[in-house]
Amino acid sequence: ASNQIPTSGQMMLNFSKSEREAAELSPEDHALVEGLELSIERIQDPNPAVMRAALEHLVKEVQTATSSMTSVPKPLKFLRPHYETLKRCHAAWDKNCPTGRLLADLLAVLAMTMSKSNKREILVYKKQGSAHDLDSWGHEFVRALAGEVGAEYSARQLNSKGRFKSSAKDLVALVDEIVPFHLQHNAYAEAIDLLIETQSVPKLLGNYPKINNKALVDSGNFRRVCLYLLRCGTFMADPDDLKELRQCAFGLYERHGEFSAALGVAIQLGNDDEKTAFLARCRELFKKADDLMRKQMAFILARHQTNFEYSEDDAIDEIIGNNKLSGYYVGTASDFLQVLSFY
């Protein structure tokens with residue numbers, strides 16, 4: 001008797017008072033509850049074909065409801081009494097078969113609203129399911145999964161005893177799926193936060209893990225990514241982490257031809273980067289820039305009073321050395337007064 005499937009009336013008793021008041025079931029809701037109850041019953045059937053069909057029905061209902069979440073979807077509410085039943089089914093099934101992985105994916109989504117705090121069941125079940133097609137479960141699920149990945153990474157880092165890097169491979173595989181999803185959906189902050197939490201910021205300079213020759217950060221989003229990276233640097237306590245953020249921003253600016261912005265980052269880096277000295281960075285940027293860009297960069301260096309010398313062009317070198325700074329001010333003032341004379 002303890003294994004009987006609860007009826008819709010019994011299910012309502014499991015809800016809180018506010019939920020029962022808010023969930024006066026409409027005919028459509030009754031039909032939904034009955035369909036879910038029937039699927040829960042059939043998912044325990046010994047016939048694999050029946051089990052698979054019932055599971056696919058549950059997955060379809062949940063995916064449709066979670067595609068755009070503004071509140072807890074009804075299928076998640078109605079499946080709450082059956083969460084433990086589904087967990088028992090998953091424990092009894094072969095976890096390596098496609099049906100077992102699909103059930104693990106479903107449990108990961110249900111865990112968003114049903115798991116206990118600090119259990120990280122979203123991550124637990126997602127690792128046993130499929131790491132692909134995250135977008136089919138909705139943006140809120142991916143955000144919840146990213147949060148648990150970051151928390152688990154931090155916990156392992158604190159508990160590690162010389163074996164941390166090897167024990168984080170399962171998390172890195174999920175990061176490689178979550179970050180491209182966030183970047184594709186303009187969630188730059190979430191993507192970068194996850195990379196910072198998992199110490200994977202240099203991945204922004206690489207390609208999509210599953211797509212060769214497709215940059216993770218492209219010409220359409222690199223400015224926002226770099227801006228957020230530099231703003232995050234304000235809150236970095238670890239000098240090495242701060243250097244890593246700036247190196248990444250410098251590389252992205254340089255790759256996309258924003259040499260003046262890259263120079264500003266190079267000035268922030270100074271000689272903290274052991275691989276490339278500040279003067280070497282400046283020389284490389286000046287080599288790639290055009291004449292107009294070189295003048296802009298020269299004024300930036302002059303403002304910061306750096307000791308860089310550009311021997312290839314005396315005019316540029318004079319700007320860097322502030323040799324004609326007063327003349328530039330006089331010229332600017334003359335042009336301004338000339339414009340005012342027309343009014």
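The values are calculated or read from the model by the stated rules, or taken from the named source; none is laboratory data. These numbers come from a predicted model, not from an experiment. Reconstructed Cβ throughout: ideal geometry from the backbone, glycine too, with neighbour counts over all protein chains shown. Side chains are part of the model used for accessible areas, which takes the heavy atoms of the whole protein and leaves out ligands, DNA and RNA. Shrake-Rupley method; radii C 1.70, N 1.55, O 1.52, S 1.80 Å.
With (1) over 15 Å from the mean Cα position of the chain (by Cα); (2) within 27 Å of L110 (Cβ to Cβ); (3) among the hydrophobic types (A, V, I, L, M, F, W, C) as the list, and A215 as the residue in question, which single condition is left unmet? (2) is the only condition that A215 fails. Just for region 187-232: of the residues that are among the hydroxyl-bearing types (S, T, Y) and either in contact with a Gly (Cβ under 8 Å, 6 or more places away or on another chain) or closer than 27 Å to A155 by Cβ (or both), which one is surrounded by the most Cβ atoms within 10 Å (Cβ to Cβ)? Going through the qualifying residues, I end up with T198. Taking each residue of region 119-136 that is closer than 16 Å to V179 by Cβ and looking for partners that are part of a helix (DSSP H, G or I) and among the hydroxyl-bearing types (S, T, Y) with beta-carbon atoms closer than 7 Å, six or more apart or interchain, yields nothing. In region 69-127, the qualifying residues are those that are acidic (D, E) and at pLDDT 90 or above, and the one that is most open to solvent (accessible area, probe 1.4 Å) is E84.
Which residues, counting only those in region 25-63, are small (G, A, S), under 36 Å from the mean Cα position of the chain (by Cα) and either closer than 18 Å to P73 by Cα or surrounded by fewer than 18 Cβ atoms within 10 Å (Cβ to Cβ) (or both)? Even if it seems obvious, please write down each step before you answer.
Taking region 25-63 as the starting set, the residues that turn out to be small (G, A, S) are 26, 31, 35, 39, 49, 53-54.
Next cut, under 36 Å from the mean Cα position of the chain (by Cα) only: 35, 39, 53-54.
G35, S39, A53, listed by residue number.
Would you confirm, using the coordinates I've provided, whether A249 is over 23 Å from N207 (Cα atoms), surrounded by 18 or more Cβ atoms within 10 Å (Cβ to Cβ) and of a type in the set (A, V, I, L, M)? No.
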